[in-house]
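Visitor: Sharing a structure below in structure tokens format, with a few things to ask.
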Amino acid sequence: MTQGITWTTQQQSESNSCNKGNDSSVSRIWVNDQLTYIDDENKIISVDYSTMRLYHYDKVSGQCTQYRLESQKSASISAESDSKVVTASDLLLAEIQVSETTEIKKISGYQCKKKTALLGAGLFRFKNFGPKVFNRFGQTLSEGTGSYWVSKDPAIWSHLQTVIEQRVKYFAAVPLLNRIDPLGLMGKLKGFPMESTEKNACQTVTVTLLEAPAGSNLKPELPPACQSTH
């Protein structure tokens with residue numbers, strides 16, 4: 001697959017705690033078989049599956065941090081060393097548990113079904129473990145809940161489904177990518193979220209689709225600060 005797929009969303013965030021303020025931003029997401037590139041008003045997140053590197057670029061500071069994506073699938077929840085405990089919490093944080101509903105509605109002409117999810121589902125099993133907030137790969141993540149209006153319209157879903165199938169082996173090796181790469185959640189939802197609301201310990205985030213997925217040959221490039229970290 002040489003051509004990419006791109007779409008645009010708007011996020012409206014309302015602070016619950018964690019000293020986060022209310023915010024509104026627009027994100028453009030670009031994916032192909034080797035890359036997921038998320039560009040919003042404050043940062044860029046680029047996941048390069050050909051090199052197993054994640055880049056986090058802060059547009060305010062101009063700093064870029066590179067993360068090596070190493071396998072987490074062998075971690076043990078009962079491991080005693082600090083490094084293993086962190087990895088074990090990552091596995092709990094990475095879990096996404098989706099539930100079906102019978103609610104259906106049309107959004108922008110697309111038939112959508114409502115689905116709900118526990119994000120970081122493993123953490124809900126440990127009452128003394130949460131709510132906790134983690135910083136992973138430059139992201140602030142915690143357990144939370146999500147509500148999604150999901151479409152499987154062929155015009156939107158068929159091409160993305162192909163890319164998601166190619167990502168499965170990477171998500172299995174580094175489960176937290178299910179929470180960072182939007183294709184991870186889509187794979188669990190088995191469809192494209194046209195609208196969503198997610199709530200966690202820090203904030204409530206409502207996402208709406210501004211531009212539906214479409215083909216694009218304009219592959220994005222990393223900022224110079226990230227290219228120097230290769």
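The values are calculated or read from the model by the stated rules, or taken from the named source; none is laboratory data. All values derive from a computational prediction rather than experimental measurement. All Cβ positions, even for glycine, are placed from backbone atoms using ideal geometry, and neighbour counts span all protein chains on display. Note: areas computed on protein heavy atoms with side chains; ligands, DNA, RNA excluded. Shrake-Rupley method; radii C 1.70, N 1.55, O 1.52, S 1.80 Å.
Visitor: Between residues in the range 99-111 that are farther than 19 Å from Leu185 by Cβ and residues that are open to solvent by 60 Å² or more (accessible area, probe 1.4 Å) and part of a loop (DSSP other than H, G, I, E, B), which pairs lie under 9 Å by C-beta distance while being six or more apart or on different chains?
Guide: As it stands, the answer is Gln111/Lys152, since those pairs meet every condition given.
Visitor: When you scan the range 147-167, do you find a residue that is over 16 Å from the mean Cα position of the chain (by Cα), part of a loop (DSSP other than H, G, I, E, B) and at pLDDT below 95, even just one?
Guide: For the range 147-167, residues over 16 Å from the mean Cα position of the chain (by Cα), part of a loop (DSSP other than H, G, I, E, B) and at pLDDT below 95: present.
Visitor: If I ask for residues that are touching a Pro at 6+ places or on another chain (Cβ under 9 Å) and closer than 27 Å to Cys64 by Cβ, which ones from the range 137-176 would you list?
Guide: Scanning the range 137-176 gives a single hit, Ser142.
Visitor: Filtering the range 187-230 down to residues that are small (Gly, Ala, Ser) and assigned to a strand (DSSP E or B), which residue is farthest from Glu165 (Cα to Cα)?
Guide: Among them, the one singled out is Ser196.
Visitor: Still on this model: Give the residues of the range 5-33 that are among the polar types (S, T, N, Q), open to solvent by 40 Å² or more (accessible area, probe 1.4 Å) and modelled with pLDDT of 95 or more, sorted by residue number.
Guide: Just the residues of the range 5-33 that are among the polar types (S, T, N, Q), to begin with: 6, 8-13, 15-17, 19, 22, 24-25, 27, 32.
Within this subset, residues satisfying the condition of being open to solvent by 40 Å² or more (accessible area, probe 1.4 Å) are 10, 12, 15-17, 19, 22, 24.
Within the range 5-33, just Gln10 meets the criteria.
Visitor: Considering Glu80, Glu70, Glu95, which residue is acidic (Asp, Glu), at pLDDT 70 or above and over 17 Å from the mean Cα position of the chain (by Cα)?
Guide: None of the other options fit; the residue is Glu70.
Visitor: Restrict the check to the range 128-136 and report whether at least one residue is open to solvent by less than 70 Å² (accessible area, probe 1.4 Å), part of a strand (DSSP E or B), closer than 27 Å to Ile104 by Cβ and in contact (Cβ under 8 Å) with a residue 12 or more places away in the chain.
Guide: no
Visitor: Report, by residue number, each residue of the range 105-140 that is modelled with pLDDT under 85 and among the aliphatic types (A, V, I, L, M).
Guide: Listed by number, the residues that qualify are Leu123, Val133.
Visitor: Also, I was wondering about something else. Quick one: Ser196 ticks every box in (1) polar (S, T, N, Q); (2) at pLDDT 90 or above; (3) open to solvent by 30 Å² or more (accessible area, probe 1.4 Å) bar one, so which box is it?
Guide: Only one criterion is unmet by Ser196, namely (3).
Visitor: Shifting gears a bit: Working only within the range 149-158, note down all residues that are buried (at least 19 other Cβ atoms within 10 Å of the Cβ) and more than 26 Å from Ser24 (Cβ to Cβ).
Guide: We begin by selecting, within the range 149-158, every residue buried (at least 19 other Cβ atoms within 10 Å of the Cβ); these are 149-151, 156-157.
Passing the criteria: only Trp157.
Visitor: Please state which one of Thr145, Thr206 is in contact (Cβ under 8 Å) with a residue 24 or more places away in the chain, closer than 21 Å to Val26 by Cα, surrounded by fewer than 19 Cβ atoms within 10 Å (Cβ to Cβ) and among the polar types (S, T, N, Q). Step through it out loud before you land on a result.
Guide: Numbers: Thr145 fails: closer than 21 Å to Val26 by Cα.
Answer to the selection: Thr206.
Visitor: Go through the residues of the range 174-186 one by one and say whether even a single one is modelled with pLDDT of 95 or more, assigned to a strand (DSSP E or B) and out of contact with any Gly (no Cβ under 9 Å at 6 or more places or on another chain).
Guide: Within the range 174-186, none of the residues are modelled with pLDDT of 95 or more, assigned to a strand (DSSP E or B) and out of contact with any Gly (no Cβ under 9 Å at 6 or more places or on another chain).
Visitor: Restricting to the range 59-75, count the residues that are more than 15 Å from Ser228 (Cα to Cα), in contact (Cβ under 8 Å) with a residue 40 or more places away in the chain and touching a strand residue (DSSP E or B) at 6+ places or on another chain (Cβ under 8 Å).
Guide: 1
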